[in-house]
Structures are given as structure tokens and as C-alpha cells.
Amino acid sequence: MANILIANTLEDFFPKASYAALVDPDRTSVAAAARDFVEAGRRYGCVRLIDAPARLFSEQVLGEALRVFAMTDAGRRRLYKKSFDTSHSNLYRGWYPSPQPNWGTEGYDIGPDIARAMAVMDPDDPITEPTPVPSDEELSDAAGWRAAAAEYYLGMEAVGRVVLRAIAVGLGLDSARFEDVFDDGVSTLRLIRFIPDADGEQRLATPDHTDSGLVTLLVQCDEAGLEFLDPAGRWRAVPPEAATIVVNFGQLLETWTNGAVKATRHRVLDLKQERRSAPFFVEPRVDAVISPLKELGGAEFAPFAFGDYLWARTTEFKEQAGVAHLRAPRGLALGAR
């Protein structure tokens, strides 16, 4: 596994993959790196991607995007999802508050419209709704913040394409097999702030779970706490590392590949310090139809519309509690493209 650096210690358990190797002009080198990338994911459940474009991690881009947590309380409330303010119309995009004022997680779900016009924006489908954004009264230089968030979104979207190509090639599929449904995707940039528990009790900041989409790209922002369940059933800490993207695999990818790639179970510990992160959930377009990859064999499953799947999964989480009934299933007629 020449392109994957396998760690020897508990603290440095998870392998690293080179972004540069995955975009090398030499197709033979890319194929070898892609096979190693997929094998590392299979063996360890998590891969750390190094040497991605440096500007993504800069104070001007990621640092500026995370400045949204300086927004006023009134601004936060104006961006609340309907789950937290029933007078609001936004169901899928927007702000979710911490369940307790002195401990918990608050976050902001941002869609592709922060950076580009959406090809599909159905007023009756909350998955394609516009992202509510702060004003200058709520966040100083809101236009500067929006420009940085847009740059970060597009940069991570580009990294997502590279990762999806690597997974396809690593599985022996056509390089565009997953990328085709990613065109005009509805990927989510989630900006998160973990508020530590002041009473000293050990807690989980985020309970163990798997993500719903294809892959998740996470920059940890120098704060520890992230843990992944390894194939042997042991929780492993993922130490934060500068200019590194943690890649985990989502439930959709496991289903789509008939289990050839396993979804990564992970959690976040409350380590008594504020923690900020910026996971990017790589997701197909809302009208994509997911059907079995016959090239990989394995069990068959009934084709399904991605938008229906995404809504059913995400409304299981507290960030969108109580709104599942507000989007009716669209069925396979959506995926006519």
C-alpha cells in the first residue's frame, strides 16, 4: 500500500492518503492510490486526507466561515429551522440551537445556494430550499463571511469529487460512477460549535451514529474529541492534525456498494473545551435514483429516490425533529434525467 501511510500507534492509528496522489496526471498512479484508499477505508473505517489545497484551511476561508458563531442571538433565532421556531418556513437549511444554554451543540446547515445557483429548486421540496443567511446587523461584514463560506463550500465540493472518483476506481468501477449523480448535488456544509459541560460530568457531545450520505469530509479545527469505531469494535480517537481532512463513509455508500464499503460509526466526546468543526456531507442531487451496482454483485435492493431516502434519514435526528410529515415521498419519477 505505497500511497497509504499506515500508523503504528494508538494515537496515530488511522491511515493517511495523499490528495496529490489521487489527482496525479498518471492514470496508473491514480488507480494504485485509489485502490489503496478504498482498502484503507475497509481496514480502518476512516482515512485522513493530506495535502489538499492549503487555502481551504486558511484563516481567510475556514476561519472566516466559522466566524458565524460571532452572530448575535437575535440573528441566530432568525435563522432557526422550523423544528425550533414553528413560525419559520425553512425546514432543512438554517440554524439549530443547543438544547441547553450551558452545554450541547449548535450548528448551521448550509446548502449549495451559498455558492451557486441550484439546478433544481422546487418550492414544495424543503431539501432544495434556500439557505437563510445573516445580515450585516447580525454579523459584521456578512458579505465577507458569505464569500468565505462559498469558497469553502466549492473547495470541499471539489475534494468530494476527487474522493468519489477514488472510491469508484478503487472498487473497479468507471471513475464517474458516483460522480454522475453528484452533479447539481445537495451537499450540506454544517458549521458546528460544541459547548462544553461546565459541571465536569463526562458526556458525549454527539452520540455514536453513521452519516446518511456518500462520504463526509471533516476538518477538526485543532480540537480533539472525535472517535471512530474500528472494525474490531474499539473506539479510536482521531487526533486533530493541521491541513488534514478526515474522510468517513456514509450509509448511502454502504447500501449502494452492497457493503463493499462500510459506513463509519463515530461519536464526539465532550473534553471540557469549546470545539468547532466544519463537516461537509457529500450528497447526490435530490432527484438521483439509487439502484444496485451489478458490477459489485451482492444482495439486490429496490431502487429508490435519493431525496426520499435523505429526508427519511435526516428527520430522525434532533436537528430536524417533528417535520418528517412536511415532505411527501416523490418516488422514482424524479430521477428521469
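Where a number appears in this text, it was derived from the coordinates with a stated rule and is not lab data. Remember, predicted model here, so these are calculated numbers, not experimental data. Glycine gets a Cβ as well: all are built from the backbone with ideal geometry, and neighbour counts include every protein chain shown.
List of remarks:
- Subtracting the Cα-Cα distance of ALA70 and HIS325 from their residue separation scaled by 0.36 nm leaves 88.5 nm.
- Other residues with beta-carbon under 12 Å from the beta-carbon of GLN251 carry, at +1 per Lys or Arg and -1 per Asp or Glu, a net charge of -1.
- Cβ-defined net charge surrounding PRO231, 10 Å radius [Lys, Arg +1; Asp, Glu -1]: +3
- Multiplying the residue separation of SER29 and GLN100 by 0.36 nm and subtracting their alpha-carbon distance yields 20.5 nm.
- Å³ per residue enclosed by the Cα convex hull of the chain: 136 Å³
- ALA20 versus PHE317: modelled label distance in nm, points set 7 Å from Cα along the beta carbon direction: 3.4 nm
- Cα point-scatterer Debye curve for segment 204-337, base-10 log of I(q)/I(0) at q = 0.12, 0.16 Å⁻¹: -0.56, -0.93
- Normalised by residue number, the volume inside the convex hull of the Cα atoms of segment 72-150 is 100 Å³ per residue.
- The 3J(HN,Hα) values that the Karplus relation (6.51, -1.76, 1.60; θ = phi - 60°) gives for segment 132-145 are, in residue order, x, 10, x, 9, 5, 5, 9, 8, 4, 6, 4, 5, x, 4 Hz. Gly and Pro appear as x.
- FRET efficiency estimate (nearest 0.05) - Cβ-Cβ, ASP122 to GLU241, R0 35 angstrom: 0.30
- FRET efficiency for the pair ARG203 and SER135, taken as 1/(1 + (r/R0)^6) with r the Cβ-Cβ distance and R0 = 30 Å, rounds to 0.30.
- If you take the Cα centroid of segment 288-315 and the Cα centroid of segment 219-262, the two points sit 22 Å apart.
- Positive minus negative residues near PRO329 (Lys, Arg vs Asp, Glu; Cβ under 14 Å): -2
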